[in-house]
Structures are given as C-alpha cells and as structure tokens.
Amino acid sequence: MLNTMKIAALAASLILAAVFPARAADSVTADDTARFLAGMQPSADSPLMPLTRDPAWQNHAHFFDSAFGQLEQRQLSRIRAWSDANLAAPKPTMFYMFSGPDFLYADAFYSKASTYVLSALEPPGSVPDLSRLPRGNLGATLYNIEHSLGSILSFSFFITKHMRVDLHAGQVSGTLPILYVFLARSGKTIREVSPVTLDDKGTIHTGNESAGPNATHGVRITFAGKEGGEKTLYYFSTDLSNSGVRASGFLKFCQTLAPGNSLIKSASYLLHSGNFTTTRNFILANSATIIQDDSGIPLGYYNPKGWHFFPFGRYEGPINEFAGKYQPSYAELFRRAQPMDFGIGYRWRGHESNLLLSVRLSADEGPALDATTASTDAPSPRPHTKKPRPPALVAPQQQHGFFSWFR
C-alpha cells in the first residue's frame, strides 16, 4: 500500500512538472510580440512560433528584411557614424517632441542615451495577444503595420494625416506596435511594458492609480541594448501647443530628467508659431545639444551668445506645403555648411537635406531661456559662422535611389 502511494505521488509530481512549464510558455512576451511584428523569429517556445509558418507572416518578414536592410545601409549606419563624429558627450536623456512613434531615428542619433522621451498627439494604443487573433486576421494586421511604416522607411518621417488613419486600423492600433517594430529592428530586447499616466504636477502613476482630470497617457518600455545595459523609453500622447502643454504635467515630468539632448525633425514648422512658445522655450532651456532640420526652432529664438551652430548639408528652403517659412538667416548660416551623406526631413533626398547641430555653451556664457515664459517672434540674428567646428565628415558618397519597393 505504501509503495502504491509513493508511485502515485511520483506520478502526480511528474504531471505537475510537465504542466507548469507548458502553462508558463502559453503567455506571449512583449519581446516575442515585437519580434513577430518586426518579421523576426520569436523565441523557440513562444506560442507565436506556429504563426511564423503562415505565408502572410513569411511575406511580411521578407518585406521587412529588405526594407530595413536598405534603410540600415543608406540611412541609419551613416547617422550613427555622424553622431559618433560630432556628439562628444551626449546626456543620458533625449527629448523628441512631435516624434510620433519614431524610436528608430531617436536611437540612431542618440544611441548612447539611457532614457528616451517621445511625445505626439497619437495615442499609445495596445497590442493584443497575437496568438489569439481570429482566423484570417493575421495578414490584414501585418499589412496595416507595413502600410503605416511606408513613409518613414522611404522618407525618414511619418505623414501625419496617413498615420492617424493607419494607427487606428484593425485590432493592433496606436503607436505601441510601431515602437515594438522599431525596438526589435534596432536590436533591442524588451523587458517590460506598462501603461503610465502623468498628473498635472508631472508625477508618474502606474496601475490603477488616478492621475486626475488632466492626466497625460503614455507607455513606459524598459529594454536592453546589444551591450546589455537597461534603458527606458517613454512615449506620451500629449498636446504640445501652449494651452495643451500648460494644462498637463508633461513638461514638468521632462524637467525631472533634464538637461538632455533634443531631436526635432519634420515638425510641420510648429515651433515657428506663437502657439508653441512654451514647448520651444523648454527645449531651448533644457537641452545641451539640439539636432534639427529647418522645421525646428528658428535661429532668431536662440541666444547667439549661448550656442555654437554647426550646419550640415544644404538649405533650399521649405517644401511647397510650408511656403512662407523660409529663413534668410538659416540660408546665410548654411553657406559654410559641412557635407553629410544621408537625407533627413521633408527634403529627404541627400543632396537637398539640411541638419543643424546646436551645442550649448557653459551657463556663464549666456543665460538660458525660461521654459514657462511665452516669447514673441524676434528677428533672426546674423549667425556667427566663425565658431569652431566638429571634425569634418567624409565627403558624401553618391546617393542611390530610394526604396524601389515603396509605391
């Protein structure tokens, strides 16, 4: 009888040992979800593995392998080389206002940052368990991801009116799935994803904590780079106009992470407007370096005694859609610009692109602007073009055609 009981207990323990790992493997991790959406193999024991045999996913993987391979060769590797040559000591935090879910370029320009803060109007959204999608929905879901990335993979920026439609299509919606794709394709490993909110004082709340009536909604992603160190990405859905940003705690939260570095590109020239003075002043007051194209902060708002300007590329003025935003002082500054071998911004062709690196001098050489005080439009000062420059870059190589697969 005793032997029978021992045998029964042993059998039960073996059954439990077999069942528990199977149940643990049933959960789909955020990292496996990101890799799957990016057209990359998830972990071997992931519930998503059977879906990789679907022809829709295999076509998706082939499409992204080609697209991101071209982008890496033509754009991202060259941007990283430019940053290595021209950014001496970047801060641990980088701010990217009007970014949408563009972690791809945030990482390329500021790969050494440990905290990334992205912000735009688009909602974070959510990514459901893809292994539980209704039969036949996988192909449509993957197509929506591909379509939403078409413009940034070809032209380096999201087309806002298209993005607002694409990011609300289907069961996988918002900026989160795009952030997943960019993290995976940038070689990152996602460790944790959690929704967060900010109250009007800039305090961050998680879980079921109430952030009050003016809550700013976002997502926090902790991830590891290829070197293994833990990093954090925040994305917040917020209105960066004066009325919107003053009512929220977004800039107060950013203040706790300052000073940082800022990236501004393809920003619809909003920072030229008197309706975005609060955000503009925050960037000027809390950035050690600012990388921007001409859609960023006009030269007239920089204190020329507090900044060094290093222009790269060519300034040919705004595209027709933003006629009237031409800056004579920008054109004068770019008469002595150094070359660059990649395209950026609305004039995305390499021989038409402009990029301005602004480096803050020490505090006693020029007062910082108050981040909360609105300023009025000021005439652009004549730029100082005899400042010391970073090391010159290698002359640009001949530009090849942009993605033949984009139609």
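The values are calculated or read from the model by the stated rules, or taken from the named source; none is laboratory data. Since we're looking at a predicted model, the values are computed, not measured. Cβ atoms come from the backbone with ideal geometry, glycine included; neighbour counts cover every protein chain shown. The protein model used for the area step is the full one, side chains on, heavy atoms only, and it has no ligands, DNA or RNA in it. Shrake-Rupley method; radii C 1.70, N 1.55, O 1.52, S 1.80 Å.
Using a 1.4 angstrom probe on the protein heavy atoms only, line up K112, K325, K231 by accessible area, largest first.
Highest to lowest solvent-accessible surface, that is K112, K325, K231.
Site pair L361 and T222 shows an inter-label distance of 4.2 nm when each label is modelled 7 Å from Cα along Cα→Cβ. Only bridges with both residues in segment 188-345 count here: give the DSSP antiparallel percent, nearest 5. The answer is about 75 percent antiparallel. Largest first, the residues R53, R80, R246 sort by 1.4 Å accessible area into R53, R246, R80.
For R132 and Y326, the FRET efficiency from 1/(1 + (r/R0)^6), where r spans their Cβ atoms and R0 equals 60 Å, is about 0.70. Here F310 sits with roughly 20 square angstrom of accessible surface, probe radius 1.4 Å. Between T206 and Q255, the modelled labels are 2.4 nm apart [label points 7 Å from Cα along Cα→Cβ]. Take every Cα pair under 8 Å in segment 71-140 that's 6+ residues apart, average their separations, divide by the length, and report that relative contact order as a whole percent. That works out to 31 percent.
Applying 1/(1 + (r/R0)^6) with R0 = 25 Å to the Cβ-Cβ distance of D65 and R191 gives a FRET efficiency near 0.50.
Full extension of the chain between H351 and A44 yields a length gain of 106.1 nm, computed as 0.36 nm times the residue separation minus the alpha carbon distance. Between N214 and T115, residue separation times 0.36 nm minus the direct Cα-Cα distance comes to 33.2 nm.
Each of A81 and R246 was given a label point 7 Å from its Cα along the Cα-to-Cβ line. The distance between the two points is 4.7 nm. Accessible surface of S131, taken over heavy atoms with a 1.4 Å probe and every protein chain present, rounds to 50 Å².
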